[in-house]
1. Can you tell me which residues in the range 87-104 are within 15 Å of the chain's Cα centre (by Cα) and assigned to a strand (DSSP E or B)?
2. In the list ALA81, ALA68, ALA127, ALA75, which residue meets the criterion of being under 16 Å from the mean Cα position of the chain (by Cα) and among the small types (Gly, Ala, Ser)?
3. Looking only at residues that are within 25 Å of GLY82 (Cβ to Cβ) and exposed (fewer than 14 other Cβ atoms within 10 Å of the Cβ) in the range 12-32, which one is modelled with the highest pLDDT?
4. Name the one entry in ILE92, ILE103 that is free of Cβ contacts under 8 Å to residues at least 60 places away in the same chain, under 27 Å from GLU46 (Cα atoms) and among the β-branched types (Val, Ile, Thr).
5. GLU113 fails exactly one of the following numbered conditions: (1) surrounded by 10 or more Cβ atoms within 10 Å (Cβ to Cβ); (2) at pLDDT below 85; (3) farther than 22 Å from ARG49 by Cβ. What is the number of that condition?
6. Could you please find all residues in the range 107-123 being part of a strand (DSSP E or B) and either among the hydroxyl-bearing types (Ser, Thr, Tyr) or within 18 Å of the chain's Cα centre (by Cα) (or both)?
7. If you check ASP74 against the conditions, is it modelled with pLDDT of 80 or more and not in a loop (DSSP other than H, G, I, E, B)?
Amino acid sequence: MRKTEKLYYQDPYRISTTATVVRIDDDALALDRTIAYPEGGGQEAEIRRIGDIANRYIEADHPIRLYASEQHPDARYWECAGQVMPCGGTHIERTGPIGHLTIKRKNIGKGKERVICMLPELEYSVAQYR
């Protein structure tokens with residue numbers, strides 16, 4: 001029986017890898033290696049890991065660029081450290097002023113959980129919009 005190499009023990013902050021499918025079953029598949037924690041999917045260790053990654057990203061004080069889509073002039077996108085995503089309406093110039101991010105889980109019943117992100121140190125001035 002082949003064992004999956006658990007890359008998360010070598011580097012818990014790794015966010016990508018290349019793997020080979022070694023077995024396919026009716027409702028599952030097996031890989032030769034993985035970065036996914038076996039308790040992934042919202043458990044406390046995974047929440048802490050996501051928070052650590054997010055806080056390193058914030059602390060790096062990356063610049064954020066906002067721009068219009070060439071194909072859809074009404075659509076706006078932001079780009080930060082090589083990541084591009086549709087604009088959600090919040091416009092900051094850098095990641096640093098966000099401050100420390102705290103993530104908590106809340107069980108809201110019936111097998112549902114909510115992830116709550118808090119920014120207690122957020123520094124953002126709305127003066128420019130007055």
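1. Those that are within 15 Å of the chain's Cα centre (by Cα) and assigned to a strand (DSSP E or B): THR102, ILE103, LYS104.
2. ALA81
3. THR18
4. From the options ILE92, ILE103, the qualifying one is ILE103.
5. GLU113 satisfies all of (1) surrounded by 10 or more Cβ atoms within 10 Å (Cβ to Cβ); (2) at pLDDT below 85; (3) farther than 22 Å from ARG49 by Cβ except (3).
6. GLU113, ARG114, VAL115, ILE116, CYS117, MET118
7. Here the answer is no, as ASP74 does not meet what is asked.
The values are calculated or read from the model by the stated rules, or taken from the named source; none is laboratory data. The structure presented is a predicted model; accordingly, all values stated were derived computationally and were not measured. Cβ atoms come from the backbone with ideal geometry, glycine included; neighbour counts cover every protein chain shown.
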